[in-house]
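No value in this document is a laboratory result; all are computed from the given coordinates. Just so it is clear, the structure is predicted and the values come from calculations on it, not from any experiment. When we count neighbours, we look across all protein chains shown, and the Cβ atoms used for this are built from the backbone with ideal geometry, even at glycine.
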Amino acid sequence: MPTKKVTNKKVVDKKEEVKAVNPVEEKKVETKPAEEKKAPAEKATAEKKAPAKKEEAKPAEKKKVAVKKVAAEKKASAKKEKVKPAEEKKAPAKKVAAEKKAPAKKAAAKPATTKKASTKKTTTKKTTTKKATTKKMTKEEQYAKLSLDTCLDLAKAMSMDVTRESIIQQLILNPDVKSVSENLVNKYQLTGKFNFEEDGYDEGLVEVLVSKVFETADIKPQKPEDLQADVAHALNYKFTDVVADGEEYKDQFDTMRKVLMIAQHKDIHDSKKLEEEVGVDVEKFVEEFMDLAYSVLKTWKYEDVDYYEHFIFAVLSQLEDLHNKYSNRIMMDVADLYILHGDYGLGDADYAYILRENQIKDYIYYRYASIYEGVDKDKAKQIANQALQFVDDRFTYYPNIIAVLEG
């Protein structure tokens, strides 16, 4: 069979010539006259050139391709060659034969393309969903993923001077997370100061931080029976030396904290009721703890005195009967400690308040004058002399005041 020239000036590969179609195939092709009109001989031949691979990959789209190319090929055919009637019949046969070879490759290619497109579409959808989820995540949910250390770092970035230990101390005094958080926000004036979208944090971080400290710290109430042995040890402790007393103070402080926690969580405000709850002599333990603290804190730091003051008043405020009995004593203890640490202004102010609030003043003046004997003897005598306006020989501590004056 002679090789036919291609009308669109493209080279025809002789190796791709198709064998003659048998009469049955020709007859089959001839039953589709509409196709013959749309696809002349030149088109069929053109499909055998290099783009044939493309056609082989998509036989199902045969009609679509033919329709698109008809107009262009008709123009080319009109200008260059006229097609013989005999060839008009052979061309469709060649086309059919060529197309019969393609389906195996096409079948594999088409699903792969569809699958790829589908995968891409699914991925896009998944990404969109993820973005939507991220937008829906609240700042609280994002804060919840932060570690305690990261929260502390962010707190420093907000110019907060806090540590895990300092927050624990506040929670001991007040076990309410929300209340402690609000106090910190107010203390550092954080409301509206930072924007979460721009800075990555705002005042809402404070409550998250305090919550994380509360969850990780040992500040939850324990079972009463766990305290009995510790309190028994405290009540039997004898003062020895500065180091041993200091260690005992830490232990007793921890035990007193646990007692306070039980009272707070059980909403107990009377030492006798608390005693029934925990099975220990609460009042006796409070007295022992105050004695030890007064002795130890004389040589500790000023900050330790400040924290002790807040802590012991939290205990006395919770147990109202003990507050009424020991409030003056604890105020004088704290005032003495401030004076010994050089804060005369605060110490004097505390004593002035106590003197105003009490009718019987001899013991108060004696304590006030005697604490200054080791600091400033002249001031000690001045205080003792002032006491004589309210104290005479009828009062128990009159001789002690005179001793300071003559000392």
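With a Förster radius of 30 Å applied to the beta-carbon distance between Glu182 and Gln142, the computed FRET efficiency rounds to 0.90. Using the basic label-point model (7 angstrom from Cα toward the beta carbon), what is the Ile402 to Lys156 distance in nanometres? So the label points at Ile402 and Lys156 sit 6.2 nm apart.
Evaluate the charge dipole of the range 154-283 about its Cα centre and quote only its size in Debye, nearest 20, assuming +1 on the Cβ of each Lys and Arg and -1 on the Cβ of each Asp and Glu.
So the dipole magnitude of the range 154-283 works out to roughly 160 debye.
When +1 charges are put on Lys and Arg Cβ atoms and -1 charges on Asp and Glu Cβ atoms, the dipole computed for the range 234-286 relative to its Cα centre reaches about 120 debye. Working ranking of peptides 238-244, 189-195 by packing, defined as the average number of other Cβ atoms within 10 Å per residue, highest first, is 189-195, 238-244.
If you count, for each residue, the other Cβ atoms within 10 Å and average over each peptide, how do 257-265, 172-180 line up from highest to lowest?
Peptide ranking by packing, descending: 257-265, 172-180.
About its Cα centre, the dipole of the range 306-407 is roughly 240 debye, where the only charges are +1 on Lys and Arg Cβ and -1 on Asp and Glu Cβ.
Each residue, Val375 and Asp304, gets one label point 7 Å from its Cα in the Cβ direction; the gap between the two is 1.8 nm.
Dipole of the range 259-407 computed with +1 at Lys/Arg Cβ and -1 at Asp/Glu Cβ about the Cα centre; of Ala387, Asn324, Gly279, farthest Cα towards the positive end is Ala387. Inter-part distance, the range 332-407 to the range 285-331, computed on C-alpha centroids, equals 20 Å.
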